[in-house]
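Report on the structure given below.
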Amino acid sequence: MELLICTHNEHKVDEIAGFLQGYKLRSFKDLAGFTPPEETSLLFQGNALIKAAAGFRASGLPSLADDSGLEVLALGGKPGVFSARYAGEGAGDRANNEKLLKELRGIKDRRARFVSALALVDGKKTIVVTGTVEGVILEEPRGEGGFGYDPLFYVPELGKTMAELTLTEKNRISHRGRALVKLATKLKGI
Ligand code: IMP
């Protein structure tokens, strides 16, 4: 069965693929001429629904969207839904990480969490689930894997940053992995 993953981010597709054996995965990159919707919600769940609904409308395929981000306690939950554009519209991972380090300069409490909201829309049902993982923001990046804020996000139980984990290790504990397990459980119950 075909399933549209509503993103241009190959890292997200790779992570999600680990949970969805047996599906032929497509992404926004396969939709010629498609313009992704604006993510206008202030909630992860809202933006995940916007993306999944837009993907379903454009493709007619069951569509799964992840909206995710980093919430830093000392920053009142920022960057939150603005994680991808923290250092400005179109900012890359490096600029976003540099801005985060700047905002946290001199701050001792560096607790943070990643949040993932997943929305599945297939024309018959709509499912929304969330997953989180808690950690601490380091003072400098460590590791080469993953994407986004992974090199700064230290997971105390594992003694490693997210960027030092293999894909399998990251999927086992990540916000997205946890949300995907919840989604799979809900799908089995239908
Ligand atoms: P979205 O694609 O609009 O959901 O934006 C997600 C943004 O949140 C990414 O660009 C990253 O900055 C951040 N993010 C989400 N998930 C992860 C992750 O697993 N690792 C590191 N950063 C993440």
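Please treat every number below as a calculation from the coordinates, not as lab data. Quick caveat, the model's predicted, so the values are computed rather than measured. Note: ideal-geometry Cβ built from the backbone for every residue, glycine included; neighbour counts use all protein chains shown.
General remarks:
- Qualifying GluC sites (Glu not before Pro) in the stretch 52-159, DSSP loop, other Cβ atoms within 10 Å at most 12: E89, E139, E144, E157
- The modelled label-to-label distance for the pair L25/E134, using points 7 Å beyond Cα in the direction of Cβ, is 2.9 nm.
- Percent of Cα-Cα distances greater than 15 Å, calculated over the stretch 1-78: 57
- Listed pairs K78/K108; K29/K182; K51/K99 exceeding 22 Å between Cα atoms: K29/K182; K51/K99
- Each residue, I127 and H8, gets one label point 7 Å from its Cα in the Cβ direction; the gap between the two is 2.9 nm.
- Computed extension length for F34-L101: 20.6 nm, one decimal, from 0.36 nm per residue of separation with the Cα-Cα distance subtracted.
- Two-site label geometry, K182 and Q45: point separation in nm, points 7 Å out along Cα→Cβ: 0.9
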